[in-house]
Amino acid sequence: MLDIRDATVYYPSGVQGVDNLNLHVDDGEFCFITGASGSGKSTLSKLITGELQPDVGTVRVNGYNMSALDSKTMAEARRTIGMVFQDFRLITSMTVEENLEFAMRCIGVSRNMEERIARVLSIVHLEGKEYRYPSELSGGEQQRVAIARAIINRPRLVIADEPTGNLDPKLAEEIIKIFVDINGIENTTVIVITH
């Protein structure tokens, strides 16, 4: 669950990122956050992941008060969140499988890795691509690997920041369908942030 109450963020330059923001998203919901450039979408994303603290107000994600966590508890909270970036952020020197294994190892998973990888690659329709490098994949395939990486550790919440921004309309539609599947099959809360 996501609950933001009266959140206001000021950047050091004096620019206000968000002003008195209130937002509630229940477990299992699928929602879009839309707005023009400069409207605070990136600030919102950073508040949810704990990269940024509100100057005023509170941000609660999956039972964690993201405004008041020590580094160890913040790491625990972030494990409940999967993030999909517009620019994919894949490790180019690693295969698809190695990118997914790396995400699991980061949180200490060492068992059933092959089974988990096969499962998420099936969800994102990339069966048989586990030994490919990012440079050998299309933009749409790279985005699907980024989605697989975001869900490999079974987060309760997935945030997708402009996941279709670099894709043509047909691929964009396919990517949104994958998020719908993740929401329905996994009962994962999905927030898509887009202009």
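The values are calculated or read from the model by the stated rules, or taken from the named source; none is laboratory data. Keep in mind that this is a model prediction, so the values were computed, not measured. Cβ atoms come from the backbone with ideal geometry, glycine included; neighbour counts cover every protein chain shown. Accessible surface areas use protein heavy atoms only, side chains included; no ligands, DNA or RNA. Shrake-Rupley method; radii C 1.70, N 1.55, O 1.52, S 1.80 Å.
Observations on the model:
- Extension gain (nm, one decimal) between Ser37 and Asp55, 0.36 nm per residue minus Cα-Cα: 4.3 nm
- At R0 = 41 Å, FRET efficiency that the Cβ-Cβ distance of Arg111 and His195 yields, to 0.05: 0.50
- Other residues with beta-carbon under 14 Å from the beta-carbon of Ser42 carry, at +1 per Lys or Arg and -1 per Asp or Glu, a net charge of -2.
- A dipole drawn for the chain from +1 and -1 charges on Cβ atoms has a positive end, and of Met113, Leu90, Phe32 the residue lying farthest that way is Met113.
- Distance-filtered residues of region 53-68 - backbone nitrogen under 17 Å, label point 7 angstrom along Asp6 Cα→Cβ: 54-60, 66-68
- Measuring between alpha carbons in the structure, the pairs from Lys72/Lys177; Lys72/Lys129; Lys41/Lys129; Lys46/Lys177 lying more than 29 angstrom apart are Lys72/Lys177; Lys72/Lys129; Lys41/Lys129.
- Ordered from largest to smallest accessible area (heavy atoms of protein chains, 1.4 Å probe), the residues Arg116, Arg79, Arg105 come out as Arg105, Arg79, Arg116.
- On full extension, the segment bounded by Ser93 and Arg132 gains 13.0 nm, given 0.36 nm per residue less the C-alpha separation.
- Percent of Cα pairs in the chain per distance bin of 5 Å, from zero to the largest separation: 1, 7, 16, 19, 20, 16, 11, 6, 3, 0.
- Kirkwood radius for region 137-189, taken over all pairs of different Cα atoms as the inverse mean of 1/r, rounds to 11.3 Å.
- All aspartates and glutamates inside 15 Å of Lys170 as judged from Cα atoms, apart from same-chain residues fewer than 8 positions distant: Glu141
- For Leu52, the residues 5 or more places off, or on other chains, whose built amide H falls under 5 Å of its own are Leu47.
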